[in-house]
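Since the structure comes first, as structure tokens, the remarks are kept for the end.
The values are calculated or read from the model by the stated rules, or taken from the named source; none is laboratory data. Just so we're clear, the structure is a prediction, and the values are computed from it rather than from any experiment. No Cβ is skipped: glycine too gets one built from the backbone with ideal geometry, and neighbour counts run over all protein chains shown. These area figures cover heavy atoms from the full protein model, side chains too; ligands, DNA and RNA do not enter into them. Shrake-Rupley method; radii C 1.70, N 1.55, O 1.52, S 1.80 Å.
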Amino acid sequence: MDNRIAIEIKDGVADVRLIRADKMNALDQEMFAALVAATERLANEKGLRAVVLSGEGRAFCAGLDMGRFAAMKESGGNGIAGGEKRDLTIRTHGKANFAQQAVWGWRQLPVPVIAAVHGVAYGGGFQLALGADMRYVAPDTKMSIMEIKWGLVPDMAGTPVLATLMRDDILRELTYTGRVFSPEEGQAYGLVTRICADPRAAALETAREIAGKNPDAIRAAKRMLNNLSVDPGPALLAESVEQQKLIGSPNQLESVRANIEKRAPKFAD
């Protein structure tokens, strides 16, 4: 975890930073493992009151590591799973699979989590921000539900959260097109909590304010608010089932090849 995520805890506030700045904090297998390990550690951290999740360098998180798509292009679909084709429908963490837990784990933490987002939050990176209770976003940030660019669907626990935040038709538009949207649009859609010149500083300020409140009441409030949502289990499983069918299929691989080769895709009917 130490080469992907840094955690500093002070006065009950965990400052969690993705530290793969040279790759815009892209999601490789080590980053997935580090995200899951971070949530497991924080879930058992005594005296924890709030969490701020941010990324070092130019971006919050650029999404899935490009090297994994390149491997997929060469391996006929196996590359996205790090060299082996995995059964995404296996539940490794309650209702979630391993990749989903990298996002869902933040939602499950007993204390509030604030994502401080800057640069880009694309695909899996955007879904990671959705795992937080709140999203503070820099004015020039670019965001996208970008999985369709690679012939895929969102499969990291984003859909059950998105369904609680935004209108169904806008969610469909963004999922079907992969369109990049601005913080102002995201705020209008219900996806951005605040637009801040310095989202990490603002998030830490809010986290410290939360840390000064009755911790029993804060944890009770998070349990209560989490229970307002419908059971996420069917949505999480549906993500995995649909993604499993897409990975390595001819049209999905054509999406990958076309993007890497910078040409228009030629899909089969």
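Where does each of Ile9, Ile170 land when they are ordered by accessible area, with a 1.4 Å probe and the largest first? If you can, show how the numbers build up before the last one.
On the way: Ile9 60, Ile170 30 Å².
If we order Ile9, Ile170 from most to least accessible, we get Ile9, Ile170.
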SASA check, Leu228, accessible area w/ 1.4 Å probe, all protein chains in place, rounded to nearest 10 Å², comes out at 140 Å²
Amide hydrogen neighbours beyond the local backbone of Val192, cut-off 5 Å, H modeled: Gln187
The size of the Cβ-based charge dipole (Lys, Arg +1; Asp, Glu -1) of the range 226-265 about the Cα centre, to the nearest 20 debye, is 260 debye
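Among the trypsin sites (Lys or Arg not before Pro) within the range 93-201, which fall in a DSSP loop and have no more than 13 other Cβ atoms within 10 Å of their own Cβ? List each step's numbers first, then the result.
Working: sites: Lys95, Arg107, Arg135, Lys142, Lys149, Arg167, Arg172, Arg179, Arg194, Arg200; in loops: Lys95, Arg167, Arg179.
Taking the range 93-201 and a limit of 13 other Cβ atoms within 10 Å, the loop trypsin sites (Lys or Arg not before Pro) found are Arg167.
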With Cα coordinates, the longest principal axis of the chain makes an angle with the long axis of helix 215-226, in degrees rounded to 10, of 30 degrees
Given a 1.4 Å probe and the protein chains all in place, what does the accessible area of Thr206 round to, in Å² to the nearest 10? 20 Å²
At what distance in nm do the modelled label points of Asp198 and Arg172 sit from each other, each positioned 7 Å from its Cα along Cα→Cβ? 4.4 nm
Probe radius 1.4 Å, ligands and nucleic acids left out: which of Leu162, Leu225, Leu246 has the largest accessible area, and how do the rest follow? Leu225, Leu246, Leu162
Specify the angular offset, from 0 to 90 degrees and rounded to the nearest 10, of the alpha carbon long axis of helix 98-108 from the longest principal axis of the alpha carbons in the chain. 30 degrees
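Report the charge-dipole magnitude of the chain in Debye, nearest 20, computed about the Cα centre from +1 at each Lys and Arg Cβ and -1 at each Asp and Glu Cβ. Present the calculation step by step, with values, prior to reporting the outcome.
Numbers: 34 positive and 33 negative charges, 21 e Å.
Rounded to the nearest 20 debye, it is 100 debye.
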Anything over 29 Å Cα to Cα? Flag those among Lys142/Lys213; Lys23/Lys222; Lys46/Lys95, in the order listed. Lys142/Lys213; Lys23/Lys222
Solvent-accessible surface (1.4 angstrom probe) belonging to Phe32, in square angstrom, nearest 10: 10 Å²
Can you compute the helix-only [θ] at 222 nm over the chain? Use -39500 (n - 2.57) per DSSP H run of at least 4 residues, normalise by all residues, nearest 500 deg cm²/dmol. -13500 deg cm²/dmol
Fraction of beta bridges assigned by DSSP in the chain that are antiparallel (%, nearest 5): 30 percent
Which order do you get for Arg263, Arg208 if you rank them by accessible area with a 1.4 Å probe, largest at the top? Arg208, Arg263
How much length is gained on full extension from Glu254 to Val180, taking 0.36 nm per residue of separation minus their Cα-Cα distance? 24.5 nm
Apply 1/(1 + (r/R0)^6) to the Cβ-Cβ distance of Gln244 and Ala221, taking R0 = 25 Å, and write down the FRET efficiency to the nearest 0.05. 0.10
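Relative contact order (percent) for the chain, with alpha-carbon contacts under 8 angstrom and 6 or more residues of separation?
Values: 539 pairs, mean separation 54.6, N = 269.
So the answer I get is 20 percent.
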